[in-house]
1. Please go through the stretch 191-212 and give me each residue that is within 17 Å of residue 175 (Cβ to Cβ) and touching a residue at least 12 places away in the same chain (Cβ under 8 Å), ordered by number.
2. Can you confirm whether residue 214 is within 12 Å of the ligand (Cβ to nearest atom), modelled with pLDDT of 95 or more and assigned to a helix (DSSP H, G or I)?
3. Of all residues being assigned to a helix (DSSP H, G or I) and open to solvent by 10 Å² or more (accessible area, probe 1.4 Å) in the stretch 85-109, which is nearest to the ligand (Cβ to nearest atom)? Just the residue, please.
4. Could you list all residues from the stretch 1-56 that are assigned to a helix (DSSP H, G or I), of a type in the set (Ser, Thr, Tyr), open to solvent by 30 Å² or more (accessible area, probe 1.4 Å) and more than 18 Å from residue 93 (Cβ to Cβ)?
5. Looking only at the stretch 202-222, filter to residues that are of a type in the set (A, V, I, L, M, F, W, C) and farther than 12 Å from residue 4 by Cβ; which one of those is nearest to the chain's Cα centre (by Cα)?
6. Look at the stretch 160-191 and say how many of its residues are open to solvent by less than 50 Å² (accessible area, probe 1.4 Å) and either assigned to a loop (DSSP other than H, G, I, E, B) or not aliphatic (A, V, I, L, M) (or both).
7. Go through the stretch 132-159 and count every residue that is buried (at least 24 other Cβ atoms within 10 Å of the Cβ), of a type in the set (A, V, I, L, M, F, W, C) and assigned to a helix (DSSP H, G or I).
8. Assuming residue 170 fulfils every condition listed in (1) in contact with a His (Cβ under 9 Å, 6 or more places away or on another chain); (2) more than 27 Å from residue 216 (Cβ to Cβ) apart from one, which condition is it?
Amino acid sequence: MATPLILVNLKAYTEGMGERAAAIAAAAATVSGESGVVIGVAPAFTDLAAIASGFSIPVYAQHIDGVSPGAYTGHVTAAQVKAVGATGTLINHSERRLTLAGIDAGLSAARGAGLGTVICTNNETTTAAAAALAPDYVAIEPPELIGTGVSVSRADPGIIERSVEAVRAVNPQVKVLTGAGISTGECVKIALELGTDGVLLASSVVKAKDPAAVLRNLVSLI
Ligand code: G3P
């Protein structure tokens, strides 16, 4: 059975760019090696190539545009992201929302390029809709808890349970992540007990003085 996925979104945080992005990726590789738990990162586009080529961990883009290579100024294509060595991409993050057509286009582009896919959602209804598109993962994150340090696992376990049920009813092949405020091994344990396949998180690791210590805590109860 596959281990859970711990996916750290570096967002556009100053503490998650450049050398800090590399330090967090190195911490992820170290803690993954120690624990056997798969830990990936989603750096900014500007760091994607360096992180993907420098570390043997899953590396996700934070977004792609669902367009084919060509005359699209200011877009990032699935082919570009794949070419620099990314494993997959987030689609429709709460901080990078897309139209339904945009989600579908991004998903098709990612699949066409051989990228893994994580569609982010905000409640059980959108989770069910996302599952119908058959991504590899749906990641349910209540937007009001993102970046607060208040864990979805504790503040709203019901949304995780209902989302897992919704995905199973629509397409049991789709795996489920949850996120928002995840900061400890206890948060991860609850999320897994509620039926998820891992967590998507950011601030607790990215803003930490010692990201490796937070990652060790996160995997400590798996
Ligand atoms: O993509 C992860 C995310 O939106 C959750 O952020 O800072 O609450 O872990 P955070």
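1. Step one: of the stretch 191-212, the residues within 17 Å of residue 175 (Cβ to Cβ) are 191-201.
Within the stretch 191-212, 191, 192, 194, 195, 196, 197, 198, 199, 200, 201 qualify.
2. Details: within 12 Å of the ligand (Cβ to nearest atom): yes; modelled with pLDDT of 95 or more: yes; assigned to a helix (DSSP H, G or I): yes.
When the stated conditions are applied, residue 214 passes them.
3. Initially, the stretch 85-109 is screened for residues assigned to a helix (DSSP H, G or I), giving 100-109.
Remaining after also requiring open to solvent by 10 Å² or more (accessible area, probe 1.4 Å): 100-105, 108-109.
Working: 100: 20, 101: 23, 102: 18, 103: 16, 104: 21, 105: 21, 108: 22, 109: 20 Å.
Checked the stretch 85-109; the qualifying residue nearest to the ligand (Cβ to nearest atom) is 103.
4. Residues of the stretch 1-56 that are assigned to a helix (DSSP H, G or I), as a first pass: 14-16, 19-35, 45-54.
From what's left, of a type in the set (Ser, Thr, Tyr): 14, 30, 32, 35, 46, 53.
Going one step further and asking which of them are open to solvent by 30 Å² or more (accessible area, probe 1.4 Å), we end up with 14, 30, 35, 46, 53.
Of everything in the stretch 1-56, those that are assigned to a helix (DSSP H, G or I), of a type in the set (Ser, Thr, Tyr), open to solvent by 30 Å² or more (accessible area, probe 1.4 Å) and more than 18 Å from residue 93 (Cβ to Cβ) turn out to be 14, 30, 35, 53.
5. Of the stretch 202-222, the ones of a type in the set (A, V, I, L, M, F, W, C) are 202, 205-206, 208, 212-215, 218-219, 221-222.
Checking the rest, the ones that are also farther than 12 Å from residue 4 by Cβ come to 202, 205-206, 208, 212-215.
Numbers: 202: 9, 205: 13, 206: 14, 208: 18, 212: 18, 213: 20, 214: 17, 215: 15 Å.
If we take residues in the stretch 202-222 being of a type in the set (A, V, I, L, M, F, W, C) and farther than 12 Å from residue 4 by Cβ, then 202 is nearest to the chain's Cα centre (by Cα).
6. Let us first name the residues in the stretch 160-191 that are open to solvent by less than 50 Å² (accessible area, probe 1.4 Å), namely 160, 163-164, 166-167, 171, 174, 176-185, 187-188, 190-191.
Adding the requirement that they be either assigned to a loop (DSSP other than H, G, I, E, B) or not aliphatic (A, V, I, L, M) (or both) leaves 163, 171, 174, 178-185, 187.
Adding up the residues that qualify gives 12.
7. Final tally of qualifying residues: 1.
8. (1)
The values are calculated or read from the model by the stated rules, or taken from the named source; none is laboratory data. Just so you know, these numbers come straight off a predicted model, no measurement behind them. Cβ coordinates were reconstructed from backbone atoms using ideal geometry, including for glycine residues, and neighbour counts include every protein chain displayed. Note: areas computed on protein heavy atoms with side chains; ligands, DNA, RNA excluded. Shrake-Rupley method; radii C 1.70, N 1.55, O 1.52, S 1.80 Å.
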